[in-house]
Structures are given as structure tokens and as C-alpha cells.
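Beneath this line is the structure, given in C-alpha cells, with notes to follow.
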């Protein structure tokens, strides 16, 4: 019986992975691209790719000093790609998030550290059940100082002894970020009972919040 239950869970997760890779469609979803928020005075922006953006959006939104996180696509060549196009692995894009934050409250270095907590940066083109270059690890930088910060954190992580394999994160100059479709924004919160979310996303978000407990927004500290 246990093996039968495991089989059905695997099938359901694989179905979820098909949705993650863009092979299913639902005409009831709002597939128009989301709008990027206006940058507020004193605010900064950071962009990361760390696998499933449903997970990473919820992870980074937990951090104190982060106002908003937008799911989208970065690192590729095609203008205004769709979820299905990115999911094909042919556009060069990775699922990414854009983080709007107050640098007086949370530093770029803290965000980079959070990025390495959020995913397995030693896994090439894969995060859990999600496989393909669209799930690769990328830390984007906008200034030489940001690149230096990313490089320093990678050196620290590689020398920490926490990993049996080297970090494979790409360190890439930021070019352009395309917001994903509206239905992807806040997906973790609007689909809590979906099997992929409950089985894959929720454990990752909970682990992230436990590791980053001293950096969480006040309302999440005692959850």
C-alpha cells in the first residue's frame, strides 16, 4: 500500500512538473504579463534565478526590508518570452525573481546570502523535480560592487565545507527582466493546496524561513 501511495504522489508531482515546464495550459488563467512596480525613493533592485519562481518569490518576500518580489524571466535572448517558451528550454531564459528592497533595512549582501539559502547552488540546471536550463542558478549584478559581493559570498560558501560539490551559480551582468504572466505572481499563496506547492514549495519556504529567522518580517517571526 505504501508503495502504491508513493506511486500516485510521484505521478502527481510529475504532472506538477509538466505545469512547471509549461506543457499544460488553462484558458481561465490571466496570461497577460504582469506590470513591474515603480521604484520608490531610496529603493534598490536585485535579480536572482534559483529554480522555481513560485518558491523563491515567497522566500524573498519573507525578508524584512523587501517591499515586493516579481516573478519573471531573465538571462535569455528572446524578447517578452512566455512561460511556455521559457519552459521549452530554447530561449536561454531562467525563471527569475526581481526583488524591490530598502537597502537601509536589508543589504545586498544579505540578499545574496539568502539566495544561497534559498536553493541548491551546486545543482546544475536542476532544482528538485524541476530539470532544465530554465532552472539554473544565476546571480545578476548591476554594479562592480555587487559583483564583488557575489564573488565574495561564493568564495565563502565554497570554502565553508558545507558542500560536497562546488557552486555552479552563474555570475552575470544584469540586462533585462521580463515579468511573468499575472497568474504566476503570488502563486505560492493563491495555490497552497496544489500538490507541487505543498510537496515541493512549502518545505523549501519553511526551511528558508527557519534559516533566515533573524531577517524575517515581524509578522512571520512567530509563525
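The values are calculated or read from the model by the stated rules, or taken from the named source; none is laboratory data. In this text, all values refer to a predicted model and were calculated from it rather than measured experimentally. Cβ placement follows ideal geometry from the backbone for every residue including glycine, while neighbour counts extend to all protein chains displayed.
Okay, here's what the table says:
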read-out: Test result for residue 25, modelled with pLDDT under 95 and either buried (at least 16 other Cβ atoms within 10 Å of the Cβ) or not in a helix (DSSP H, G or I) (or both); value: yes
read-out: Single residue of 183, 196, 178, 189 found to be assigned to a strand (DSSP E or B) and in contact (Cβ under 8 Å) with a residue 40 or more places away in the chain; value: 178
read-out: Test set (1) outside any strand (DSSP E or B); (2) surrounded by 17 or more Cβ atoms within 10 Å (Cβ to Cβ) - residue 166 fails condition number; value: (2)
read-out: Unmet criterion (only one of (1) within 22 Å of residue 213 (Cβ to Cβ); (2) part of a loop (DSSP other than H, G, I, E, B)) for residue 78; value: (1)
read-out: Residues (assigned to a helix (DSSP H, G or I) and touching a strand residue (DSSP E or B) at 6+ places or on another chain (Cβ under 8 Å)) located in the range 213-223; value: 215
read-out: Odd one out for residue 150, checked against (1) in a helix (DSSP H, G or I); (2) surrounded by fewer than 18 Cβ atoms within 10 Å (Cβ to Cβ); value: (2)
read-out: Only one of 114, 210, 145 that is crowded, with 20+ Cβ neighbours inside 10 Å, in a helix (DSSP H, G or I) and either modelled with pLDDT of 95 or more or in contact with a helix residue (DSSP H, G or I) (Cβ under 7 Å, 6 or more places away or on another chain) (or both); value: 114
read-out: The range 97-111, subset without any contact (Cβ under 8 Å) to a residue 60 or more places away in the chain and surrounded by fewer than 17 Cβ atoms within 10 Å (Cβ to Cβ), residue farthest from the chain's Cα centre (by Cα); value: 105
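A quick yes/no check of all residues on (1) under 13 Å from the mean Cα position of the chain (by Cα); (2) under 11 Å from residue 50 (Cα atoms):
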site	(1), (2)
77	no, no
90	no, no
95	yes, yes
116	yes, yes
121	yes, yes
125	no, yes
137	yes, yes
148	no, no
152	no, no
